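Report on the following structure.
The values are calculated or read from the model by the stated rules, or taken from the named source; none is laboratory data. Predicted model only: the values in this text are computed from it and were never measured. Cβ sites come from the backbone with ideal geometry, for glycine too, and all protein chains shown count toward neighbours. Remember, those area values only see protein heavy atoms, side chains included, never the ligands or the DNA or RNA. Shrake-Rupley method; radii C 1.70, N 1.55, O 1.52, S 1.80 Å.
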Amino acid sequence: MEKILIIGGVAAGATAAAKARRLSPDAQITMLEAGPDISFANCGLPYYIAGDIDSRSKLILQSPESFDEQYQVKVHTHTVVNSIDRANKKVHTTDSLNGSENTFEYTKLILAQGGRPIQPAIPGADADHVFSLWTLEDMDKIDNHLSHKDPQTAVVVGGGFIGLEMVEALVKRGLKVHVVEKMQHVMSIMEAEIAGFITRELKAYGVGVHTENAVTKIDVTSVELENGQSLNADMVLLSIGVRPTLQLAKDAGLEIGDAGGLLVNNKLQTSDPDIYAAGDMVEIEHRVNDKKVRIPLAGPANRQGRIAAENALGGQHSYKGALGTSVVRVFEAVAGTTGLSLKQARAAGINADAVVVHKEHHTAYYPGAETVTVLLVYDKNTGVVLGGQTAGYKGADKRLDVIATACAAKLPVSEIADIDFAYSPPIGTANDAMNMAAYVAENKLSGYGPSIMASELDDYIENKKQLIVLDIRDVFAHKKSNLTGAYHLPLEMLYPNLERIPKDIPILIYDETGKKGHQAVRILIGAGHPEVINLAGGHTSLQRHAAAVGFKNIGMLALPVEKKSIGEKAVEETETNKQVSTDELKRLIIDVRTPGEFHSGAFPEAINIPLDDLMSGKADLGEDTDREIVVYCASGARSAYAKQVLQSRGFSNVINGGGISAMMSRY
């Protein structure tokens with residue numbers, strides 16, 4: 001009879017035990033856990049502290065008793081494994097509650113000890129108001145401190161996943177929070193412009209963000225940073241990373257890999273063929289470049305636990321590796337990453353490139369549309385997707401899963417361009433953001449749509465003796481925020497001014513999201529300009545990159561961060577100025593855009609009558625049907641329709657002024 005012994009009872013260990021029982025009704029299965037709990041939802045701990053999860057019991061997925069009842073697995077908690085006797089296939093343990101010693105035999109051993117938070121050597125890090133978050137016990141200590149000590153300020157050390165989830169939780173508990181991150185920006189595994197989206201969200205909720213900095217000392221009510229700054233801190237959370245739990249494996253003589261984890265083969269066997277391992281303690285192959293990596297995530301840990309159990313019982317299931325797919329929600333903002341970043345791909349010697357698009361997550365005309373960002377990394381030689389990142393308030397997770405699937409299947413961008421994604425106005429768009437990212441990548445690969453990323457802008461400018469930067473957005477957007485030294489020339493005015501643009505100087509173009517920039521590039525290339533390039537992602541990407549790390553070689557007038565608060569609901573502007581008397585106006589200028597568009601910037605003296613109101617006859621335009629009326633909108637499409645409506649009602653002198661940029665240049 002097989003004796004399956006599992007050391008570790010959370011993600012990988014509990015999954016391995018359950019899988020082993022499903023595969024073998026006869027095996028003797030025993031699980032040893034050093035802590036007091038097994039099979040708890042450690043990913044949910046920050047959300048209990050935040051109050052999003054209202055019951056602690058919901059985090060307890062199994063108890064030793066329920067596990068035995070359901071799976072006939074004997075579970076021993078508070079059981080510390082001291083050593084592994086590989087020759088005799090035994091482990092020696094100590095009960096941490098009463099000190100008793102015990103020995104357990106095995107035919108196959110599965111190690112699933114996971115990892116532990118790194119405890120930095122900072123003076124004061126062992127104080128009672130300093131915490132880390134890894135177990136239910138850690139969670140209880142934090143919750144108790146918040147409930148009974150009533151802290152007002154907190155510093156979170158580490159801007160990774162758990163750190164930022166805890167920033168949100170502490171803000172929701174009413175604290176003023178600072179996050180300190182040693183790297184260049186929070187979420188250091190993500191591209192700067194994706195991290196910039198998260199950075200702006202943090203600042204919107206009043207979170208202090210301190211990057212390229214470190215805590216050097218923790219006092220009773222404050223922390224000191226290496227730049228000399230002091231931050232108020234009634235409590236401190238340390239979240240700077242996780243180390244694999246390897247001492248037991250090392251003492252047993254098991255081989256440790258170059259990435260710092262327990263070395264396993266594709267069957268999840270260690271250097272001892274009777275010992276398997278899974279979860280945060282192992283190093284595995286990255287599915288994109290086959291390099292050995294450690295990926296301490298719940299998803300891979302659970303899948304590895306299943307496979308380790310299967311193979312321990314005689315299976316031949318090969319683990320294909322992991323992509324590191326991970327996603328975080330910070331307040332309302334969501335960002336995720338999978339596969340390789342552009343920097344990682346190039347560091348691995350791959351001839352890689354990237355594109356980024358910003359597009360509505362469902363049709364713009366259906367209420368509630370939010371911009372979703374897709375950043376796609378690919379091999380320039382083959383077009384195969386290497387990785388990517390997404391960000392947005394809605395729909396980011398869906399697109400991230402598509403990129404992960406493309407990475408696993410080694411799909412080229414041309415395949416993504418042709419995939420039919422689910423479309424209905426409340427759900428998606430006819431050309432999804434994934435399709436659009438693939439189109440942009442295809443255009444860049446072919447040379448039809450040359451572009452650079454915001455992260456490449458500094459180097460690009462540094463290598464140019466002369467450069468014309470064109471901002472082709474409307475005048476209001478340009479005035480609010482722009483690159484220093486950029487010439488403002490709205491797209492609608494590009495054709496009339498082609499002869500004024502020198503052909504012997506490189507041209508960099510940016511719009512709001514990159515879409516119109518591509519159109520401008522094609523116009524200028526068609527007019528004989530030899531070197532024209534579009535800024536991928538446009539002004540949106542510029543803003544986010546600037547928020548995360550800034551620029552060295554160019555200045556930027558940044559948009560202010562809109563302040564938000566917990567529980568705040570967005571209030572839509574519904575009032576218009578259609579009640580303005582029109583009888584006394586010799587020439588009537590009507591902005592037929594929505595009130596929100598109108599309030600973002602409008603033509604002087606224009607009144608706002610949305611096209612829907614104009615069509616319904618709600619607006620009183622007076623009795624003079626011969627008076628000049630100019631209608632305009634964002635692009636000229638809605639105003640063309642408005643002109644037809646007014647002419648059908650007898651107004652004889654109606655002019656379509658086109659888009660706002662054209663209006664500003666003509667009148």
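The set of residues from segment 183-242 being more than 25 Å from Lys141 (Cα to Cα), polar (S, T, N, Q), in contact (Cβ under 8 Å) with a residue 12 or more places away in the chain and open to solvent by 40 Å² or more (accessible area, probe 1.4 Å) comprises Gln184, Ser188, Thr211, Asn227, Gln229. If you filter segment 639-667 down to residues that are farther than 16 Å from Ile609 by Cα and touching a residue at least 60 places away in the same chain (Cβ under 8 Å), you find that the one that is most open to solvent (accessible area, probe 1.4 Å) is Tyr667. All conditions but one from (1) over 25 Å from the mean Cα position of the chain (by Cα); (2) part of a loop (DSSP other than H, G, I, E, B) apply to Ile427; the one that does not is (1). Within segment 387-398, restricting attention to residues that are out of contact with any Cys (no Cβ under 7 Å at 6 or more places or on another chain) and open to solvent by less than 10 Å² (accessible area, probe 1.4 Å), the residue that is farthest from Glu415 (Cα to Cα) is Gly392. When segment 118-140 is filtered for residues that are open to solvent by 40 Å² or more (accessible area, probe 1.4 Å), within 19 Å of Val242 (Cβ to Cβ) and either in contact with a strand residue (DSSP E or B) (Cβ under 8 Å, 6 or more places away or on another chain) or of a type in the set (Gly, Ala, Ser) (or both), the ones remaining, listed by number, are Gln119, Ala121, Trp134. Are any residues in segment 341-353 in contact with a Lys or Arg (Cβ under 9 Å, 6 or more places away or on another chain) and open to solvent by less than 40 Å² (accessible area, probe 1.4 Å), and if so, which ones? Across segment 341-353, the qualifying residues are Ile350, Ala352, Asp353.
Of the residues examined, Gly163 is not one that is assigned to a loop (DSSP other than H, G, I, E, B), open to solvent by less than 40 Å² (accessible area, probe 1.4 Å) and either among the basic types (Lys, Arg) or within 22 Å of Ala50 (Cα to Cα) (or both). Ser414 meets all of the listed conditions (1) more than 30 Å from Lys552 (Cα to Cα); (2) out of contact with any helix residue (DSSP H, G or I) (no Cβ under 7 Å at 6 or more places or on another chain); (3) hydroxyl-bearing (Ser, Thr, Tyr); (4) outside any loop (DSSP other than H, G, I, E, B) but one, namely (2).
Here Gly115 clears all of (1) in contact (Cβ under 8 Å) with a residue 40 or more places away in the chain; (2) within 28 Å of Leu297 (Cα to Cα); (3) open to solvent by 60 Å² or more (accessible area, probe 1.4 Å); (4) not aromatic (Phe, Trp, Tyr) except the condition numbered (3).
Against the criterion of being farther than 28 Å from Pro367 by Cβ and either hydrophobic (A, V, I, L, M, F, W, C) or at pLDDT below 95 (or both), Ile427 does not qualify. Exactly one residue out of Asp272, Asp290, Asp280 is open to solvent by 40 Å² or more (accessible area, probe 1.4 Å), of a type in the set (Asp, Glu) and not in a helix (DSSP H, G or I): that is Asp290.
Leu614 meets all of the listed conditions (1) surrounded by fewer than 21 Cβ atoms within 10 Å (Cβ to Cβ); (2) outside any strand (DSSP E or B); (3) within 48 Å of the chain's Cα centre (by Cα) but one, namely (1). If a residue has to be out of contact with any Lys or Arg (no Cβ under 9 Å at 6 or more places or on another chain) and in a helix (DSSP H, G or I) to count, how many in segment 445-458 make the cut? Qualifying residue count, segment 445-458: 3. Exactly one condition in (1) of a type in the set (Asp, Glu); (2) modelled with pLDDT of 95 or more; (3) open to solvent by 80 Å² or more (accessible area, probe 1.4 Å) is not met by Asp54; state its number. Single failed check for Asp54: (2). Candidates in segment 477-520 are the residues that are closer than 26 Å to Gly550 by Cβ and of a type in the set (S, T, N, Q); of these, the one that is least open to solvent (accessible area, probe 1.4 Å) is Ser481. Taking the condition of being farther than 20 Å from Ile6 by Cβ and surrounded by 11 or more Cβ atoms within 10 Å (Cβ to Cβ), how many residues in segment 57-104 meet it? Summing the residues that are farther than 20 Å from Ile6 by Cβ and surrounded by 11 or more Cβ atoms within 10 Å (Cβ to Cβ) in segment 57-104 gives 2.
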